[in-house]
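Read through the structure below, which is laid out as structure tokens, and then see the notes.
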Amino acid sequence: METIFALASAQGRAGVSVIRLSGPNAKEVVSKLVSKLPKDRIAGLRTLTDSKGEPLDQALVLRFDAPHSFTGEDVVELHLHGSIAVIQSVLRVLGDSGSARLAEPGEFTRRALENGKMDLAQVEGLADLIESETEAQRKQALRVVSGHLGKLVEQWRSSLIRAAALIEATIDFVDEDVPVDVSPEVHELLSGVKLDLIKEIAGSKVAERIRVGFEVAIVGAPNAGKSTLLNAMAGRDAAITSEVAGTTRDVIEVRMDLNGLPVTILDTAGLRIGKDAVEVIGIDRALDRASKADLRIFLAADDEELPLQQQKDDLRVTPKSDILGKGVSGLTGQGVSELLIKVQQVLANRSSQAGLATHERHRVAMESTLEVLDVVFPLVDQGPEQYDIAAEELRSAIRSLEALVGRIDVENLLDEIFSSFCLGK
């Protein structure tokens, strides 16, 4: 395998920048830049020089011998002064060495996957960790990077393999010393996996919302104070406000970190019969986004008919408390903090039910496994004459779980996944 290198820290000027090398020639390439490499997993301060002996920079050099590295290969890291000129000079010297090439996006992580240092779910978790903006996203991604989902999938896989082995033993070795009726143990194994899958599938929907962010729509009639409330919640003038009804024609989005939770507040067009084509489009968009949102805040008086069916956990507040004396007012700020606390409590309660699976791909694989198990149960109940079909179905379920963690059938996914990574990752 070729030796690769790349800037592993952010582009541009910085206090410290990191260049990473990985592959069979990593130590040899760096040895040409320094007088002596440090020992394995020990840092050493070294002067880097080019092929003519001209100094490039003083760097902290870290060496990780295979397989004790991120990629599972020989890895060397150069911690340089974060000057653009220094970085370019060192990268140029590495490229001119003839023994290493510039890495492609995500190639270090891809090698970690191929060398068994990570599974595919961990790779996706790492991408989510890099993209995380809030504390909830960081914690969730870190659980996946730590391998918790992979360990859970391996438990399910082991149970299904055991169940399949029991069934196949009954088929192939009828005259041997094996249990005559294996169905009780098979049922126990499959039931345990099924219950776990149902729980994780339900939790995956919440986990995915944490990953991409919750949406909270402010809904109400024209001139109810929705845009003013949005500005008060955001702490800035994100939406145009006026006394003219129907000012908001499109959905305005403001992304917030609400006590660690990623939340996008949606200001929607006032819901009424549109007076022109543009307003009609805005109202249609408002209805669509509000109905799909995770939570709705209805700005409406107690006796006012709501434009949408109120769902569980939806909040209804009286608008313009500065005029009516109760409810919430974006103009004065009255009740805004309390409203944000209520929103945060609702979403925090949902977040507590989040599972380990964070991507739609994970959920689809688990749902596929669950569907197969629902087929296997009646086959097992029908007795040994159906065991060959049950065993084949179980193999299908096992393959679904193996695809989840990247053991099989995921080549078509890899390019898409790694394209989102930077060069040094």
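The values are calculated or read from the model by the stated rules, or taken from the named source; none is laboratory data. Bear in mind the structure is a predicted one, so any value in this text is a computation, not a measurement. Note that each Cβ is placed from the backbone with ideal geometry, even for glycine, and that neighbours are counted across all protein chains shown.
Among the numbered conditions (1) aliphatic (A, V, I, L, M); (2) part of a loop (DSSP other than H, G, I, E, B); (3) under 17 Å from ARG111 (Cα atoms); (4) in contact (Cβ under 8 Å) with a residue 24 or more places away in the chain, tell me where VAL34 comes up short.
Every condition holds for VAL34 apart from (3).
Mind listing whichever residues of the range 69-104 are touching an Asp or Glu at 6+ places or on another chain (Cβ under 7 Å) and within 30 Å of ASP119 (Cα to Cα)?
Residues satisfying the conditions are ASP74, SER99, ARG101.
Can you work out which of the residues in the range 128-138 that are assigned to a helix (DSSP H, G or I) and in contact with a helix residue (DSSP H, G or I) (Cβ under 9 Å, 6 or more places away or on another chain) is surrounded by the most Cβ atoms within 10 Å (Cβ to Cβ)?
Among residues in the range 128-138 that are assigned to a helix (DSSP H, G or I) and in contact with a helix residue (DSSP H, G or I) (Cβ under 9 Å, 6 or more places away or on another chain), the one surrounded by the most Cβ atoms within 10 Å (Cβ to Cβ) is ALA136.
So for the range 59-77 (the condition being more than 36 Å from the chain's Cα centre (by Cα), of a type outside the set (D, E, K, R) and more than 14 Å from VAL18 (Cβ to Cβ)), does at least one residue qualify?
No: the range 59-77 contains no residue that is more than 36 Å from the chain's Cα centre (by Cα), of a type outside the set (D, E, K, R) and more than 14 Å from VAL18 (Cβ to Cβ).
Scanning the range 204-227 for residues that are assigned by TED's automatic domain parsing to the domain that holds ASP267 and among the polar types (S, T, N, Q), which turns out surrounded by the most Cβ atoms within 10 Å (Cβ to Cβ)?
Checking each candidate, the answer is SER227.
ASP237 - would you say it is more than 29 Å from SER396 (Cβ to Cβ), modelled with pLDDT under 80 and assigned by TED's automatic domain parsing to the domain that holds VAL364?
Considered against the rule, which asks whether it is more than 29 Å from SER396 (Cβ to Cβ), modelled with pLDDT under 80 and assigned by TED's automatic domain parsing to the domain that holds VAL364, ASP237 comes out as no.
Of all residues in the range 7-31, how many are touching a residue at least 12 places away in the same chain (Cβ under 8 Å) and among the polar types (S, T, N, Q)?
Within the range 7-31, residues that are touching a residue at least 12 places away in the same chain (Cβ under 8 Å) and among the polar types (S, T, N, Q) number 4.
Tell me which residues, restricted to the range 324-333, are surrounded by 18 or more Cβ atoms within 10 Å (Cβ to Cβ) and among the polar types (S, T, N, Q).
SER329
Could you say which residue among LEU190, LEU197, LEU230 is under 21 Å from VAL254 (Cα atoms) and either in the same structural domain as VAL372 (by TED's automatic domain parsing) or surrounded by 18 or more Cβ atoms within 10 Å (Cβ to Cβ) (or both)?
Answer to the selection: LEU230.
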